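Take a look at the structure below.
The values are calculated or read from the model by the stated rules, or taken from the named source; none is laboratory data. Worth saying up front: this structure is predicted, and the values here are computed from it rather than measured. Counting neighbours? That spans all protein chains shown, and the Cβs are built from the backbone with ideal geometry, glycine included. All accessible areas refer to the heavy atoms of the entire protein, side chains included, with ligands and DNA or RNA removed. Shrake-Rupley method; radii C 1.70, N 1.55, O 1.52, S 1.80 Å.
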Amino acid sequence: MGIARFKAYDWGVVALFVLIIIGVSLSWYTISLSVAEEDLGSVGVSGWDFSLGVMSFVFALIALGWVGLKAVIAPRGPYPFWYLEGVVLMVIGFLIAVFALIRILDKPGGNEFYGIGIGRGAGVFITLIAGVLIAGCGYLAHTDETMAFEDVPDERSDYPIYGPADSKGIRHCKNCGERVEGTSRYCRSCGKPL
């Protein structure tokens, strides 16, 4: 298993999965009852009682599985071209945030009637924040240059597309000649693709 390859944003997705479980388990709505201005108490309704709450959990589970897939498919070597961790996490995080936002805007029951009041609970807001943060982790994964899959060698030369290495194994930009560190696909000096 290549769990050692996990970055901070991968561990962030793991922590946010736990936060989504907490958010869905807490009350998304509170229902209070009062008669003749006397408060008779309130009860909370969790996200598990709504299809969008369950879907938030399922999508968070998919995000966790997608991050865990990294440890299985590429424990040491390059990532395959189809493993787009950042894009998948951004879409999943966006969907979770939309699910929670729908439940915030579409409060059941509307205004208070016959002494029954319905308010929003903390769980729906926690789920919304966790969804946005998962999308943020996806953005970090998308911009991480080390997540780039291995380039296919150019058929016209013995060197990979991203620039030849000299006799000491050091790569240089073919546009400006500047030394290139790591597996960068763009020159930090001139900004052009290698």
Practice task
Please work out which one of (1) over 30 Å from Arg5 (Cβ atoms); (2) at pLDDT below 85 is the condition Phe81 fails and give its number.
Solution key: (1)
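Take the residues of the range 12-45 that are hydroxyl-bearing (Ser, Thr, Tyr) and open to solvent by 30 Å² or more (accessible area, probe 1.4 Å): which is farthest from Gly68 (Cα to Cα)?
It comes out as Ser34.
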Practice task
For the range 69-79, state whether one or more residues are part of a helix (DSSP H, G or I), within 16 Å of Ile134 (Cα to Cα), touching a Gly at 6+ places or on another chain (Cβ under 6 Å) and open to solvent by less than 10 Å² (accessible area, probe 1.4 Å).
Solution key: no
Problem - Failed criterion for Thr127 (all others in (1) in contact with a helix residue (DSSP H, G or I) (Cβ under 7 Å, 6 or more places away or on another chain); (2) open to solvent by 50 Å² or more (accessible area, probe 1.4 Å) hold) - result: (2)
Handout entry: Hey, Gly93 open to solvent by less than 20 Å² (accessible area, probe 1.4 Å), small (Gly, Ala, Ser), under 30 Å from Glu37 (Cα atoms) and modelled with pLDDT of 75 or more or not
Key = no
Problem - Failed condition for Ile31, given (1) without any contact (Cβ under 8 Å) to a residue 12 or more places away in the chain; (2) among the β-branched types (Val, Ile, Thr); (3) farther than 16 Å from Ile129 by Cα - result: (1)
Exercise for the section: Identify, by number, the condition in (1) at pLDDT below 70; (2) surrounded by 15 or more Cβ atoms within 10 Å (Cβ to Cβ); (3) among the charged types (D, E, K, R) that Arg171 doesn't meet. Expected result: (1)
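Tell me whether the range 49-60 contains one or more residues that are hydroxyl-bearing (Ser, Thr, Tyr), more than 26 Å from Gly12 (Cα to Cα) and open to solvent by 30 Å² or more (accessible area, probe 1.4 Å).
Residues of the range 49-60 that are hydroxyl-bearing (Ser, Thr, Tyr), as a first pass: 51, 56.
If we keep only those that are more than 26 Å from Gly12 (Cα to Cα) too, we end up with none.
No, there is no match, as no residue in the range 49-60 is hydroxyl-bearing (Ser, Thr, Tyr), more than 26 Å from Gly12 (Cα to Cα) and open to solvent by 30 Å² or more (accessible area, probe 1.4 Å).
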Exercise for the section: Please verify whether the range 149-159 includes one or more residues that are open to solvent by 40 Å² or more (accessible area, probe 1.4 Å) and at pLDDT 70 or above. Expected result: no
